[in-house]
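Have a look at the structure below before the remarks.
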Amino acid sequence: MTMRFVHMSLEGDPNAEPAIVIPECTLCRAAFQPVAGDLAELREKAELWCLDHAAKSDEAHRHHTGFRVNVTMHWRVVPEGQPPGAAA
């Protein structure tokens, strides 16, 4: 058996589900309803939701300014020089 060193790189997995971005308020645990799609577009929607949520105060007159963001996206390790999306 012959082994050789191959440079590897990461790419988005073309066979996986789209990215999901879910921001959650750390004070009240309210969360943006996740939708899948383009990561840049999802980030913008999540940021707008956080800003809108923070602008409101609750019964105790607290502003909700802390957020935890969970991002799910899928990567694949491929040998460099391999066509995008080709099986490893």
task = Give the residues of the stretch 19-51 that are in a loop (DSSP other than H, G, I, E, B) and within 16 Å of Gly66 (Cα to Cα), sorted by residue number.
result = Thr26, Leu27, Cys28, Arg29, Ala30, Phe32
ask   = Looking at the stretch 1-18, is at least one residue in a helix (DSSP H, G or I) and either of a type in the set (Phe, Trp, Tyr) or out of contact with any Phe, Trp or Tyr (no Cβ under 6 Å at 6 or more places or on another chain) (or both)?
value = no
key: Of residues in the stretch 62-82 being in a loop (DSSP other than H, G, I, E, B) and among the charged types (D, E, K, R), the one surrounded by the most Cβ atoms within 10 Å (Cβ to Cβ)   = Arg62
ask   = Pairs under 6 Å by beta carbon, first residue exposed (fewer than 13 other Cβ atoms within 10 Å of the Cβ) in the stretch 13-33, partner modelled with pLDDT under 90, six or more apart or different chains?
value = Pro14/Gly85
ask   = Out of (1) at negative phi; (2) surrounded by 11 or more Cβ atoms within 10 Å (Cβ to Cβ); (3) modelled with pLDDT under 90, the odd one out for Leu48 is which?
value = (3)
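The values are calculated or read from the model by the stated rules, or taken from the named source; none is laboratory data. None of these values were measured; they are calculated from a predicted model. Neighbour counts run over all protein chains shown; Cβ positions are idealised from the backbone, glycine included.
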